[in-house]
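Worksheet: the structure to be examined is printed underneath.
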Amino acid sequence: MKIDILTIFPNMFAGPFEESILRRAQDKLLVEIKIHDLRQWASDERRTVDDKPYGGGPGMILRVDIVERAITNLKLKMPNEKTILLTPQGHKFNQQKARELAKAEHLILIAGHYEGFDERVRSLVDAEISIGDYVLTGGELPAMVIVDAVVRLIPGVLGKEESLNEESFNSSTGSGLEYPQYTRPEEFKGMKVPPVLLSGHHAAIAKWRQDQAERRTRSRRPDLIKEND
């Protein structure tokens, strides 16, 4: 997979993609992540990418001609290529969307900033995504979140693929929350590991985990149960 990110603050991405699983995925050539300064597609000496909004109002708006120029330059014309605009007005990102994007060959993520972008930018993209019902200073952090969630789903990125089947929001576990996990010490300040996990009885352990996952989901995220009913 190839991921291109368009931003006017490329230095914000200096750390997150250089550590842990994302770093290893790039080293194994399973994903190529490129950060692009949108200003390189500006045509004036000051490398201007925004302007005042027509009709008046506060802030500056990203120009559609600059964004279009950048997208056109980055597109590889792959069969499964998606251009995504990161905006609070987009569809809410979830694990299902992450799985969908993980099947793409090429992603172009556009991180908006300031007061937003010219409305005509929407005509240039395949989808609009929000990571939650709140407003951030720009689309850079949402881009990082999406890349992290998507890349870990690419085959070969995680050491044990079965771990994907056991985690929260996965369809194989009913799209609910994950069951509790324990490791050493067996007892800590009076809190003991549930005896069933020490029994070696795999069927009993599997049932306990399923029951615990359902109980936790009903208690903490009942909305997930309603979505799956």
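For the reader, a short list of remarks on this structure follows.
- Verdict on GLN96 being exposed (fewer than 14 other Cβ atoms within 10 Å of the Cβ) and closer than 14 Å to GLY139 by Cβ: no
- Among the residues of this structure, ILE3 counts as one that is part of a strand (DSSP E or B) and at pLDDT 95 or above.
- Filtered residue count, region 52-72, keeping only those that are closer than 9 Å to ASP118 by Cβ, acidic (Asp, Glu) and within 24 Å of the chain's Cα centre (by Cα): 0
Per-residue answers, yes or no, for (1) surrounded by 14 or more Cβ atoms within 10 Å (Cβ to Cβ); (2) small (Gly, Ala, Ser); (3) closer than 18 Å to ASP148 by Cβ:
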| position | (1), (2), (3) |
| --- | --- |
| LYS2 | yes, no, yes |
| ARG39 | yes, no, no |
| ASP44 | no, no, no |
| PRO53 | yes, no, no |
| GLU68 | yes, no, no |
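- Subset of region 6-36 (residues that are in contact (Cβ under 8 Å) with a residue 24 or more places away in the chain, part of a loop (DSSP other than H, G, I, E, B) and more than 22 Å from LEU158 (Cα to Cα)): ILE8, PHE9
- Region 112-136, subset more than 25 Å from LEU158 (Cβ to Cβ) and within 13 Å of the chain's Cα centre (by Cα), residue surrounded by the most Cβ atoms within 10 Å (Cβ to Cβ): SER130
- Residue match in region 37-51 (condition: part of a strand (DSSP E or B) and either under 21 Å from the mean Cα position of the chain (by Cα) or small (Gly, Ala, Ser) (or both)): yes
- First in region 118-144 and in the same structural domain as PRO10 (by TED's automatic domain parsing), second anywhere and of a type in the set (Gly, Ala, Ser) and not in a loop (DSSP other than H, G, I, E, B), Cβ under 6 Å, 6 or more apart: GLU128/GLY90; ILE129/GLY90; SER130/GLY90; GLY138/ALA111; GLY139/ALA111; GLU140/ALA111; ALA143/ALA111
- One residue from ASN80, ASN73 being modelled with pLDDT of 95 or more and either surrounded by fewer than 16 Cβ atoms within 10 Å (Cβ to Cβ) or acidic (Asp, Glu) (or both): ASN73
The values are calculated or read from the model by the stated rules, or taken from the named source; none is laboratory data. As the structure is a prediction and not an experimental result, all values here were calculated from the model. Note that we place each Cβ from the backbone using ideal geometry, even for glycine, and neighbour counts take in every protein chain shown.
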